[in-house]
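Have a look at the structure below, then the notes.
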Amino acid sequence: FIKPGTAVVGTGDSIIIPPDTDTLDYEIEIAAGIGRRGRFIPVEDAEQYVAGYTVFNDLSARSLKIAEGRMEREGDWFFDWLLGKWCDTFAAVGPCLVTRDEAGDPRQLEMSLRVNGVLRQHSSAGEMIFTIPEAIAFLSRFVTLEPGDLLAMGTPGGVGDATQTYLQPGDVVEAEIERLGTLVNRVSR
């Protein structure tokens, strides 16, 4: 998913539930910060394009209320699936970018997400389907990667949608990745 700049918030900022959903979900992810421009990057060179890593909470409205009175159409599920990722504040990032040499091997980093102190997600970045170099090589076949781009790598099990446990106003979300820090955000409407 591509997220607009208005989706990005930092640690300490609020995550806003838009009025069109009651199904706001969290997804802890490790994100690679691109440090130099690249296109058609071979997988074996991909790490050289990474400036560092950060914690990323890929927030999602799992369903959106389509305009009242409008009949649902084939494909509306896809509209919700995309638009539900693009909302303002739905890309919480931080607390900082840790350089590649300081972070070490990103596949070894433990990651966890808590809501109001309760553990919801726990895994390691190495359990993602694709490695960061594979993702960089693949994406650079279609778009030029620019310094400052963030590539979020997917989430482990435990998202709220699995149990229909969604974020509510007042909830505090703590997303932590070993050596990268803890991203803390409060949810509001």
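The values are calculated or read from the model by the stated rules, or taken from the named source; none is laboratory data. From a predicted model like this one, the values you see are computed outputs, not experimental measurements. Don't worry about glycine lacking a Cβ; one is built from the backbone with ideal geometry, like all the others, and counts go over all protein chains shown. Just the protein is used for accessible areas: all its heavy atoms, side chains included, with ligands, DNA and RNA removed. Shrake-Rupley method; radii C 1.70, N 1.55, O 1.52, S 1.80 Å.
Inter-label distance, H122 to L82: 3.8 nm, where each label sits 7 Å from its Cα along the C-beta direction. Each stretch of four or more DSSP H residues adds -39500 (n - 2.57); spread over every residue of the chain, this sum gives -2500 deg cm²/dmol at 222 nm.
Per atom type, the chain shows carbon and sulfur on 54% of its accessible surface, probed at 1.4 Å. Read through the labelled values (1) 17.0; (2) 17.7; (3) 19.0 and report the label of the one computed as Kirkwood radius over Cα pairs in Å from the structure. Computed from these coordinates, Kirkwood radius over Cα pairs in Å corresponds to label (1).
Counting heavy atoms of the protein chains alone, M128 has an accessible area of about 30 Å² for a 1.4 Å probe. Exposed loop sites were defined as GluC sites (Glu not before Pro) in DSSP loop states (anything but H, G, I, E or B) carrying at most 16 other C-beta atoms within 10 Å; in the chain the longest segment without such a site runs 75-177.
Sequence-distant contacts, meaning Cα pairs under 8 Å at least 6 residues apart, place the relative contact order of the chain at 36 percent. The 1.4 Å probe gives accessible areas that order I129, I28, largest first, as I129, I28. Computed over protein heavy atoms with a 1.4 Å probe, the accessible surface of segment 69-175 works out to 57 Å² per residue.
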